[in-house]
Number of protein chains: 4
Amino acid sequence: MKNADEPTQPRRTRDPDSKRAAVHDAALHLFTKRGYENVSIAQVAKSAGIAVGTVYRFYDNKLAMLRAMLEEIEDLFVRRMKHDWDKGGAHPDRLDAICEGLFVVAEDHRSLLRLLTMTTDVVYVDGALPGDRIQSQIRSFYAEGMSAGTFVEGDVDMMAAMAHGLVEGAMMQSMRSSTSNRTEDVAQLSKVMKNAFVARQQ
Amino acid sequence: MKNADEPTQPRRTRDPDSKRAAVHDAALHLFTKRGYENVSIAQVAKSAGIAVGTVYRFYDNKLAMLRAMLEEIEDLFVRRMKHDWDKGGAHPDRLDAICEGLFVVAEDHRSLLRLLTMTTDVVYVDGALPGDRIQSQIRSFYAEGMSAGTFVEGDVDMMAAMAHGLVEGAMMQSMRSSTSNRTEDVAQLSKVMKNAFVARQQ
Amino acid sequence: MKNADEPTQPRRTRDPDSKRAAVHDAALHLFTKRGYENVSIAQVAKSAGIAVGTVYRFYDNKLAMLRAMLEEIEDLFVRRMKHDWDKGGAHPDRLDAICEGLFVVAEDHRSLLRLLTMTTDVVYVDGALPGDRIQSQIRSFYAEGMSAGTFVEGDVDMMAAMAHGLVEGAMMQSMRSSTSNRTEDVAQLSKVMKNAFVARQQ
Amino acid sequence: MKNADEPTQPRRTRDPDSKRAAVHDAALHLFTKRGYENVSIAQVAKSAGIAVGTVYRFYDNKLAMLRAMLEEIEDLFVRRMKHDWDKGGAHPDRLDAICEGLFVVAEDHRSLLRLLTMTTDVVYVDGALPGDRIQSQIRSFYAEGMSAGTFVEGDVDMMAAMAHGLVEGAMMQSMRSSTSNRTEDVAQLSKVMKNAFVARQQ
DNA sequence: AATGAATGAGAGTTCATTCAT
DNA sequence: GATGAATGAACTCTCATTCAT
């Protein structure tokens with residue numbers, strides 16, 4: 001039985017950064033598991049082991065928490081893609097590198113990725129969608145490849161959108177499948193990507 | 001004397017089906033425009049021209065309304081795909097037909113499609129995602145094509161997931177672009193789809 | 001001991017107008033007793049014997065409740081003053097009538113009057129103060145009397161402000177004093193008012 | 001080598017009185033500008049350049065800050081009135097002096113005065129009103145004047161209340177009017193006051 | 001069958017106050 | 001003495017759902 005007269009709680013005992021991280025992790029976990037709208041700040045706070053008010057030291061409001069996470073994962077993807085692309089080499093090989101890189105990020109940040117694919121409704125505003133920055137980055141890669149003659153000709157926006165969808169589909173499948181193996185999944189995605197978007201030599 | 005042909009005023013007892021449709025349309029319109037969570041039953045009822053309580057004659061609760069709509073659009077897509085596939089012909093040609101068919105449905109039911117891609121968060125439960133039935137249908141087509149040697153070899157689930165993502169990406173892009181033209185978009189999607197998934201003859 | 005399984009509460013059993021009145025009275029009582037800021041909607045609802053949500057059927061928000069009450073008492077005063085003034089007669093006699101009339105209203109609406117003198121802080125916006133409409137009405141009477149030569153010359157705004165303050169002081173004193181007698185208080189106010197504002201004949 | 005004359009930077013330990021004053025001034029400014037309820041201790045602390053906790057060295061709680069200010073302005077008024085009254089002279093002349101004195105204080109402490117007339121709601125408890133000490137002082141002057149036969153006969157409490165209201169009305173009007181001129185306002189107030197409360201010689 | 005007033009749990013957010021540092 | 005991170009009760013307001021009419 002719990003003694004209600006316990007001296008409430010220790011104050012200022014933990015590393016502040018660990019609290020920020022605790023809020024982040026708790027929120028991410030809950031959002032991913034139950035959906036953003038079905039999670040209350042009180043639940044996040046409790047799960048993070050802090051008081052409700054403390055959550056607001058780290059995020060201005062609930063939506064800001066979500067946006068911060070979406071930006072985080074978008075950043076991770078965009079940076080990784082850039083990094084892999086900028087290593088140079090033939091464009092088709094860069095595609096391989098990017099597919100591999102994206103899967104690595106996805107595997108390391110499963111929850112964030114799921115959040116990215118789940119919260120369209122909540123965040124939607126002025127036609128902007130989560131994932132747009134990723135798609136935009138893909139577009140610029142594609143444009144470069146197309147003007148170099150290595151990628152299939154077509155409307156860049158549409159090509160980028162399809163490539164984005166293709167990758168997202170593969171990732172979600174990989175994450176959902178219990179038997180999947182990253183190396184194989186990456187290989188398969190790479191193969192399909194190249195079939196779809198790399199121009200045939202004649 | 002009672003005139004059986006009362007004028008335009010809504011009757012004491014209207015055709016129940018027309019009410020159901022009114023609720024459906026009002027909800028779809030509002031959900032799409034403002035997001036599921038930002039629409040109240042009161043607003044739906046008002047927009048449908050009926051009382052709040054009456055909404056509950058047609059749907060057990062708010063979430064059921066959303067699920068019904070998602071099922072509806074999934075049905076539309078699945079049925080159309082089946083219909084197009086079952087017309088027979090070479091598998092690659094069937095791909096063409098399906099791409100065309102899906103875009104037709106998408107164009108006729110923009111709001112429903114939008115709902116399908118936006119409400120993952122709300123509906124998500126136990127790993128099931130809106131769109132799964134569509135993906136499942138794609139899987140069965142793909143399996144057939146693969147065993148016939150017309151589709152690229154690979155893990156069926158992954159292939160179906162990628163195809164699904166590819167199509168969804170194309171559709172979203174098409175819907176978002178103000179300058180897009182369906183015929184062109186379909187052509188481009190078809191081409192990419194065949195490059196990606198149709199086995200090369202040698 | 002209370003049975004928690006009681007069928008919550010009867011619904012729709014009371015006259016709706018009685019609910020509106022109950023909210024009004026409960027809020028007025030509590031605001032007057034404890035101060036607007038120190039009263040919660042929950043307390044108002046409880047005191048009115050209804051649910052919190054029901055309060056919002058009658059008032060858009062908490063501040064609207066207060067404003068409605070202030071308008072109510074301002075209206076009562078303004079109307080009464082006009083009525084008394086418009087009965088005609090010599091201006092000094094009208095002053096008598098108005099003093100009498102105002103006291104009648106004040107006595108019948110003690111709580112509202114107190115609210116009027118208490119909530120300056122809350123309502124203050126753009127320099128507008130509760131009581132301004134009353135003062136404005138006084139101003140127009142004064143202007144009339146001054147141009148007729150019956151009231152003391154001076155800056156009308158200042159004269160009206162002083163008259164207003166004088167009356168308000170008298171009313172508050174009358175309300176606070178347990179031994180006060182309306183007839184006497186009115187007589188005294190009238191006398192002072194006439195000394196202060198009625199021009200001496202020579 | 002330690003330089004005892006550190007520059008303008010706030011010292012680890014500042015003069016406590018300057019801190020107290022900083023809190024006082026910050027709070028007064030903010031209360032007057034935004035209303036007591038709309039100002040947080042954190043804002044006061046920040047504006048005063050000290051920590052939240054330090055505020056509590058000077059005031060037990062938020063309400064105590066307000067009460068201290070109300071007492072301050074009451075003191076100012078009461079002391080000034082006493083001072084002017086005690087200069088002696090004919091009672092009517094003392095009235096002139098007091099009117100002048102009160103306006104001087106009001107002009108020098110506009111914010112405090114505003115606070116005095118605006119925060120009734122917050123402070124109100126047990127029938128005690130801010131301003132009561134001022135009114136009480138007026139009462140004692142009036143009693144003296146009345147027993148000397150120089151002031152109009154009547155119930156002292158009522159007379160004092162009316163005088164108080166009259167002055168407050170004049171002050172508020174003077175403060176609100178952009179075109180007002182103190183000398184004129186004082187003159188007008190004095191005239192009306194004497195008409196109202198100074199007994200006519202015969 | 002239809003209504004919509006009523007409910008009240010629960011949401012996000014604020015902030016006076018405390019106290020370990 | 002001073003700090004400001006942390007607390008959590010309390011606030012206003014919303015809205016899915018119910019049910020007497």
* Among the numbered conditions (1) under 20 Å from A:Leu66 (Cα atoms); (2) surrounded by fewer than 19 Cβ atoms within 10 Å (Cβ to Cβ); (3) in contact with a Phe, Trp or Tyr (Cβ under 7 Å, 6 or more places away or on another chain), tell me where A:Thr119 comes up short. => (2)
* Would you mind finding the one in D:Arg94, D:Arg114 that is over 30 Å from D:Ile41 (Cα atoms), of a type in the set (Lys, Arg) and in the same structural domain as D:Val192 (by TED's automatic domain parsing)? => D:Arg94
* To do: Could you grab the pairs with beta carbons closer than 8 Å, sequence gap of 6+ or different chains, first residue in the range B:132-151 and at positive phi and in contact (Cβ under 8 Å) with a residue 24 or more places away in the chain, second one in a loop (DSSP other than H, G, I, E, B) and not hydroxyl-bearing (Ser, Thr, Tyr)?
  => B:Gly149/B:Ala199
* Exclusive hit being touching a Phe, Trp or Tyr at 6+ places or on another chain (Cβ under 9 Å) and buried (at least 20 other Cβ atoms within 10 Å of the Cβ), set A:Ser190, A:Ser174 -> A:Ser174
* **All positions within the range D:44-66 that are assigned to a loop (DSSP other than H, G, I, E, B) and either within 13 Å of DNA strand F (Cβ to nearest atom) or in contact (Cβ under 8 Å) with a residue 24 or more places away in the chain (or both)** => D:Gly49, D:Ile50, D:Ala51, D:Tyr59
* Structure fact -> By my count, helices (runs of 4 or more DSSP H) wholly in the range B:110-202 with at least 2 residues that are under 14 Å from B:Leu95 (Cα atoms) and more than 8 Å from chain A (Cβ to nearest Cβ) are B:132-147, B:182-197
* Among the candidates C:Gly127, C:Gly35, C:Gly101, C:Gly89, which residue alone is more than 12 Å from the chain's Cα centre (by Cα), closer than 25 Å to D:Leu115 by Cβ and more than 15 Å from DNA strand E (Cβ to nearest atom)? -> C:Gly127
* Looking at (1) in a helix (DSSP H, G or I); (2) within 16 Å of DNA strand F (Cβ to nearest atom), can you tell me which one A:Met81 breaks? -> (2)
* Matching residues in the range A:11-43 - criterion: being at pLDDT below 95, buried (at least 16 other Cβ atoms within 10 Å of the Cβ) and not in a helix (DSSP H, G or I) -> A:Gly35
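The values are calculated or read from the model by the stated rules, or taken from the named source; none is laboratory data. Small disclaimer: the values here were computed from a predicted structure and weren't measured. All Cβ positions, even for glycine, are placed from backbone atoms using ideal geometry, and neighbour counts span all protein chains on display.
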